[in-house]
Amino acid sequence: MLNAGRETSSPGTELSENQAKTEKERLIEELQLITKERNDLRDRLRFLTKRSMKNRPHFRPNPYYEDLERMEEAVMSILHNLEMENTKIHENNHKLKKEITFSR
């Protein structure tokens, strides 16, 4: 009842709202493109920096870091083997359950 005598929106307001909406969408798309480009450039910089550090003659890697990398590789290998073994055991268990159900 309070809004009975009022006009909700004028045509000029709708036009500016539509313009604002399209401008907002355009800016969002532009921001997404800029963000993607920034991330790509950041990845390229990381790759080039990592590669160039290894190729420097005065660069001496930290032996503790190399040991840690080797330990990580060993642990990841063990983890992979355990996951594979777990998968096989799970499949075998499933087969045995089927056989038990079938024999009943």
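Near LYS24, which lysines are there with a Cα under 21 Å away, not counting those fewer than 8 places off in the same chain?
Hits, sequence-local ones excluded: LYS36.
Quick one: 3J(HN,Hα) in Hz for segment 78-90, Karplus 6.51/-1.76/1.60 with θ = phi - 60°, rounded, Gly and Pro as x.
4, 4, 4, 4, 5, 5, 5, 5, 4, 5, 4, 5, 5
What list of ³J(HN,Hα) values in whole Hz, one per residue of segment 67-76 in order, does the Karplus curve 6.51 cos²θ - 1.76 cosθ + 1.60 (θ = phi - 60°) give from phi, with Gly and Pro shown as x?
4, 5, 4, 5, 5, 5, 4, 5, 5, 5
Taking θ = phi - 60°, what integer Hz values does the Karplus form 6.51 cos²θ - 1.76 cosθ + 1.60 yield along segment 36-45, in sequence order, with x for Gly and Pro?
For segment 36-45, the Karplus curve yields 4, 5, 4, 5, 4, 5, 5, 5, 4, 5 Hz.
Coordinate-derived values only; no laboratory data. None of these values were measured; they are calculated from a predicted model.
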